[in-house]
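Since the structure comes first, as structure tokens, the remarks are kept for the end.
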Amino acid sequence: MASPKYGRLKNFVGGEFIAVDGRSMPIISPLDGTLLAEMPCSSAADLDKAVKAARQAFPAWSKTPIKERVQVFFRYRHLLETHMQELAALVSEENGKTLGEAVAEIEKCVELTEFATSLPQLVTGEVLEVSKGVECRTEHPPLGIVASIVPFNFPAMVPNWTMPNAMALGNCMIIKPSEKVPLSLSRLAALLQEAGLPEGVFNIVNGDKEIVEAICDHPGIEAVSFVGSTKVAKLVYQRATHNLKRCLALGGAKNHLLVMPDAKPEMTAQNVAASMSGCAGQRCMAASAMVGVGDVDHIIQRICEEARRIIPGRNLGAVINAESKERIERYITEAEQQGARVLVDGRGATVPGKEKGTYVGPTVIDGVRPDMAVAREEIFGPVISIMRVDTLDEALAIENANPYGNAASVFTQNGGYARYVIDHASAGMVGVNVGVPVPREPFSFGGWNESKFGVGDITGKSSIEFWTRLKKSTIKWNPEAGINWMS
Ligand code: NAD
């Protein structure tokens with residue numbers, strides 16, 4: 001067997017890449033099956049080393065004024081830009097997305113870092129003379145050592161949802177990459193170091209389930225953020241909060257696009273096709289179900305035309321692995337057997353010269369009933385399941401009945417319909433004529449229902465509350481002010 005292209009990965013602890021012995025897992029490129037690396041499965045003892053390194057770094061880092069701390073992130077932002085192509089190539093190689101999508105992912109990391117550099121303007125605290133000579137003030141000190149557990153679908157962006165904000169606010173961080181895509185994060189660690197981040201402030205512990213459980217149990221970790229499937233989000237939220245840690249756990253999604261007959265056909269078709277197929281459908285904001293209200297045949301026809309222009313290996317990346325490809329194709333076959341019509345069929349896709357790649361072509365399924373698995377469950381592939389109803393209320397009833405609640409969008413030219421959907425969709429992020437309604441900074445990212453457990457959102461202004469605690473002081477320096485009503 002060929003030796004891995006990037007060798008055996010190391011953990012990043014206390015500013016050094018350190019070797020980890022024992023069990024490992026292969027990292028295989030979904031693009032063409034190349035063996036990229038061996039990822040060590042760290043133990044609870046390896047995590048403990050990272051917590052100790054972070055604890056050592058915390059006093060100096062947390063006492064560094066925030067205006068100085070963010071200087072690191074100004075430099076990191078610049079390094080992300082100058083290493084854009086190299087980082088994007090690595091993201092594409094390990095995750096399977098197209099190079100263009102990977103560049104967009106790094107651009108988003110730049111935007112997230114820009115937000116972190118603006119934090120000094122947002123955490124100024126408040127002060128008020130609450131009684132004669134007595135002032136109350138608030139500050140936002142950091143929590144201490146915090147952890148971030150991330151999924152495979154955005155090897156660079158999702159880690160950057162948490163890293164710049166948590167550290168700029170004065171915390172020291174331990175991150176556990178997805179065991180499917182751990183390479184990009186090591187490269188980001190090197191860039192953070194080059195940007196001047198002091199040793200121990202940022203640490204990577206590679207591993208699988210065992211490390212997630214150890215993070216939830218470690219008494220030295222104050223807060224845990226998680227992004228991944230709902231099944232694991234629930235486990236992590238329960239375990240971390242059982243151990244009295246602060247936790248925010250983002251889960252899976254089943255996002256609905258409601259298409260009204262007055263929607264602009266071309267724009268709607270382009271948006272629906274791009275939303276369901278971007279990153280091979282492996283986005284928690286991807287359109288997975290469409291509910292057509294009334295006569296939308298002309299729009300569905302255009303969606304099929306758009307989908308046929310999306311070609312695996314050209315403008316469509318691979319899905320993460322063979323298991324995922326099989327799962328997605330099984331969903332399509334099951335829907336077909338239950339009477340749905342597969343208008344565009346992505347099963348059995350191959351890319352010449354990349355026969356070991358794991359590709360699924362764009363798939364449009366019409367005539368789906370709300371009780372079918374393709375209508376209810378997260379598929380995480382380039383598949384859209386179309387249901388038909390007569391009224392907007394029926395469409396909203398289908399959207400509302402789904403246990404998830406990340407995103408929902410409506411396509412219409414009618415402002416009244418648009419407002420009605422914003423008011424009645426049971427989702428944290430709603431779009432009007434937008435296929436992927438991700439809020440841009442400084443607005444925050446977070447779903448509802450089974451798409452998120454915990455209070456607040458993971459990015460933007462809302463994340464400040466998660467990564468800090470509020471200190472309230474009541475101060476009187478002038479005894480001559482006497483005793484006022486509450487002094
Ligand atoms: P996953 O839940 O399988 O894995 C996420 C993390 O949990 C990984 O680091 C993994 O090592 C760990 N993990 C896996 N099984 C575990 C277990 N039994 N116990 C403890 N830890 C475990 O998710 P994934 O397949 O990597 O990512 C895809 C999922 O993530 C999709 O459901 C997608 O919707 C979701 N996602 C959600 C958002 C969001 O913002 N809500 C964003 C991105 C991805």
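The values are calculated or read from the model by the stated rules, or taken from the named source; none is laboratory data. As the structure is a prediction and not an experimental result, all values here were calculated from the model. Cβ coordinates were reconstructed from backbone atoms using ideal geometry, including for glycine residues, and neighbour counts include every protein chain displayed. Areas reflect the complete protein model, heavy atoms only, side chains present, ligands, DNA and RNA absent. Shrake-Rupley method; radii C 1.70, N 1.55, O 1.52, S 1.80 Å.
Strands (runs of 3 or more DSSP E) wholly in the stretch 197-307 with at least 2 residues that are within 24 Å of I328 (Cα to Cα) - which ones?
It comes to 255-259, 287-293.
If you check V236 against the conditions, is it within 25 Å of P403 (Cα to Cα) and without any contact (Cβ under 8 Å) to a residue 24 or more places away in the chain?
So V236 does not fit the description; no.
Take the residues in the stretch 219-235 that are in contact with a strand residue (DSSP E or B) (Cβ under 8 Å, 6 or more places away or on another chain) and closer than 17 Å to I145 by Cα; name whichever of them is nearest to the ligand (Cβ to nearest atom).
F226
Look at the stretch 181-211 and say how many of its residues are within 16 Å of the ligand (Cβ to nearest atom) and surrounded by fewer than 19 Cβ atoms within 10 Å (Cβ to Cβ).
Qualifying residue count, the stretch 181-211: 3.
With G313, G294 as the choices, which residue is touching a Pro at 6+ places or on another chain (Cβ under 6 Å), of a type outside the set (S, T, Y) and not assigned by TED's automatic domain parsing to the domain that holds S92?
G294
Can you tell which of E129, E111 is open to solvent by 20 Å² or more (accessible area, probe 1.4 Å) and part of a strand (DSSP E or B)?
It is E129.
Determine if the stretch 312-320 includes at least one residue that is open to solvent by 60 Å² or more (accessible area, probe 1.4 Å), modelled with pLDDT of 95 or more and under 30 Å from P182 (Cα atoms).
Yes - at least one qualifying residue is present in the stretch 312-320.
Do we have any residue at all in the stretch 16-25 that's buried (at least 17 other Cβ atoms within 10 Å of the Cβ), at pLDDT 95 or above and assigned to a loop (DSSP other than H, G, I, E, B)?
Within the stretch 16-25, one or more residues are buried (at least 17 other Cβ atoms within 10 Å of the Cβ), at pLDDT 95 or above and assigned to a loop (DSSP other than H, G, I, E, B).
Only one of these is assigned by TED's automatic domain parsing to the domain that holds V455 and farther than 15 Å from F12 by Cα: V224, V201. Name it.
V224
Give the residue, chosen from R69, R55, that is crowded, with 22+ Cβ neighbours inside 10 Å and within 26 Å of V123 (Cβ to Cβ).
Result: R69 is the single residue among R69, R55 that is crowded, with 22+ Cβ neighbours inside 10 Å and within 26 Å of V123 (Cβ to Cβ).
Could you please find all residues in the stretch 450-487 being part of a helix (DSSP H, G or I) and of a type outside the set (V, I, T)?
E450, S451, S463, E465, F466, W467, P479, E480, A481
Please tell me if V134 is buried (at least 16 other Cβ atoms within 10 Å of the Cβ) and either in contact (Cβ under 8 Å) with a residue 24 or more places away in the chain or out of contact with any Gly (no Cβ under 7 Å at 6 or more places or on another chain) (or both).
Taking the combined requirement at face value, the residue satisfies it.
Take the stretch 154-180 and flag every residue that is open to solvent by less than 10 Å² (accessible area, probe 1.4 Å) and either in contact with a Lys or Arg (Cβ under 7 Å, 6 or more places away or on another chain) or assigned to a strand (DSSP E or B) (or both).
Answer for the stretch 154-180, where residues must be open to solvent by less than 10 Å² (accessible area, probe 1.4 Å) and either in contact with a Lys or Arg (Cβ under 7 Å, 6 or more places away or on another chain) or assigned to a strand (DSSP E or B) (or both): A168, G170, C172, M173, I174, I175, K176.
Considering the stretch 88-107 alone, what residues qualify as being in contact with a Gly (Cβ under 6 Å, 6 or more places away or on another chain), small (G, A, S) and open to solvent by 10 Å² or more (accessible area, probe 1.4 Å)?
none
Could you please tell me which pairs satisfy a Cβ distance under 7 Å, a separation of 6+ or placement on different chains, a first residue in the stretch 294-322 that is without any contact (Cβ under 8 Å) to a residue 40 or more places away in the chain, and a second residue that is part of a helix (DSSP H, G or I)?
H298/P265; R302/P265; R302/E266; R302/A269; E306/A269; E306/Q270; E306/A273
Could you give me the residue pairs with C-beta distances under 8 Å whose first residue belongs to the stretch 104-119 and is in the same structural domain as F73 (by TED's automatic domain parsing), whose second residue is buried (at least 23 other Cβ atoms within 10 Å of the Cβ) and aromatic (F, W, Y) wherever it lies, and which are 6+ apart or on separate chains?
Between residues of the stretch 104-119 that are in the same structural domain as F73 (by TED's automatic domain parsing) and residues that are buried (at least 23 other Cβ atoms within 10 Å of the Cβ) and aromatic (F, W, Y), the close pairs are E105/F154; L112/W161; T113/F73; T113/Y76; A116/F73; T117/F73.
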